[in-house]
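J.: My structure is below; once you've seen it, I'll send some questions.
The values are calculated or read from the model by the stated rules, or taken from the named source; none is laboratory data. Computed from a prediction, not measured in an experiment: that's the story for all the values here. Heads up, the Cβs are rebuilt from the backbone with ideal geometry, glycines too, and the neighbour counts pull from every protein chain shown.
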C-alpha cells in the first residue's frame with residue numbers, strides 16, 4: 001500500500017506545475033490564430049524549421065560520436081586528472097551560451113587560435129556558416145550525452161564483461177553485445193536531451209554563427225528576430241518549437257524514465 005502523500009507536497013507540486021505550464025498556456029491564449037498563415041509565411045518558418053532540424057540532428061549525431069567515447073574514458077579508465085577532464089567537458093552545461101560562443105570564436109574564428117590556421121592552410125572558415133551553427137550546438141549539447149552515458153556505464157557491473165572475456169569474447173564483442181544493449185536507455189536519454197538542447201540553442205549560435213536567414217538562422221533565432229517586428233509570428237514560431245519538443249519527449253518518455 002502506498003503511503004499517503006503529505007498535503008504540503010501536493011501544494012508545492014501544484015505550484016510547480018502551474019509555474020511551468022503558465023507560459024505555455026499564455027502562448028496558446030495570446031496567439032493571433034486568425035493571422036496564422038500570414039504570420040508564419042512572413043516569419044520564414046519553413047526555412048528556419050528545416051535548418052533547425054538539420055542542425056539539431058547533426059549536432060546530436062556528433063554528440064553521440066564524440067560524447068560516448070569520452071564518457072567511457074571518464075567511467076572506465078584510470079586516466080590521471082579525470083575529475084579535471086570531466087569538469088571541462090561538462091562546463092558548457094553551466095556556462096552562459098554566449099560565453100561559449102565567444103570561446104568558439106576565439107578558437108575557431110577566422111582569426112582564432114585554430115581558425116586562423118584552417119583559413120590560411122585550407123581557406124576554410126566555419127563562422128557564419130551552417131557548419132558553424134552545428135559546431136555551436138554540438139558544443140552545448142554534447143555534455144548531456146556524456147553525463148547520461150557515464151551514469152549508465154557506472155551502473156553496469158563490470159563483471160559481465162569479465163565473464164564474457166573469460167568465455168573468449170573480445171573487448172569489442174563484449175562492448176557491442178553486452179554493454180551497448182544494457183546502456184540503451186541512457187544512450188537514448190542522452191540523445192534526446194542533446195537533441196532538445198541543440199534545437200533550442202540560441203546564445204552560442206548567434207554569437208559564433210550569426211543570424212543569417214537560410215544559412216544559420218535556426219528557429220530560436222527566427223523567434224528572436226521576428227519578435228521585433230511581428231510578435232504574433234514570434235508566438236507561432238515558439239509554439240512550433242514547443243510542439244516538436246513535446247511530441248519527441250512524449251514518444252521517448254519510457255526511455256528517459258528508464259535512464260533515470
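J.: Could you list, ordered by first residue, the pairs with Cβ atoms under 7 Å in which the first is in the stretch 89-118 and closer than 23 Å to residue 74 by Cβ and the second is at pLDDT 90 or above and loosely packed, with under 14 Cβ neighbours inside 10 Å, at least 6 apart or interchain?
T.: 107/113; 107/114
J.: With the condition being under 28 Å from residue 157 (Cα atoms), I'd like the helices (runs of 4 or more DSSP H) fully within the stretch 1-102 carrying at least 2 qualifying residues.
T.: Values: elements: 7-30, 36-43, 45-76, 82-94.
Ranges flagged: 45-76, 82-94.
J.: Quick check on residue 78: is it loosely packed, with under 14 Cβ neighbours inside 10 Å, on the phi < 0 side of the Ramachandran plot and under 21 Å from the mean Cα position of the chain (by Cα)? Quick ask: steps written out before the conclusion?
T.: Numbers: loosely packed, with under 14 Cβ neighbours inside 10 Å: yes; on the phi < 0 side of the Ramachandran plot: yes; under 21 Å from the mean Cα position of the chain (by Cα): no.
So residue 78 does not fit the description; no.
J.: Could you grab me the full set of residues in the stretch 208-222 that are within 19 Å of residue 110 (Cα to Cα), in contact (Cβ under 8 Å) with a residue 60 or more places away in the chain and surrounded by fewer than 20 Cβ atoms within 10 Å (Cβ to Cβ)? Explain how you work it out, then say what you get.
T.: Restricting attention to the stretch 208-222, the residues satisfying the condition of being within 19 Å of residue 110 (Cα to Cα) are 208-212, 215-216.
Pick out the ones that are also in contact (Cβ under 8 Å) with a residue 60 or more places away in the chain and you get 208-210, 212, 215-216.
Within the stretch 208-222, 210, 212, 215 meet the criteria.
J.: Kindly check whether there is at least one residue in the stretch 3-22 that is touching a helix residue (DSSP H, G or I) at 6+ places or on another chain (Cβ under 7 Å), within 24 Å of residue 245 (Cβ to Cβ) and at pLDDT below 95.
T.: From the stretch 3-22, those touching a helix residue (DSSP H, G or I) at 6+ places or on another chain (Cβ under 7 Å) are none; that's our starting set.
The answer is no, given that none of the residues of the stretch 3-22 is touching a helix residue (DSSP H, G or I) at 6+ places or on another chain (Cβ under 7 Å), within 24 Å of residue 245 (Cβ to Cβ) and at pLDDT below 95.
J.: Quick one: count up the residues across the stretch 107-137 that are within 21 Å of residue 62 (Cα to Cα) and in a helix (DSSP H, G or I). Break it down stepwise before answering.
T.: First pass over the stretch 107-137, keeping only residues within 21 Å of residue 62 (Cα to Cα): 107-109, 114-115, 118, 124-137.
So of that shortlist, the ones also in a helix (DSSP H, G or I) come out as 107-108, 115, 118, 130-137.
Residues that pass the stated criteria total 12.
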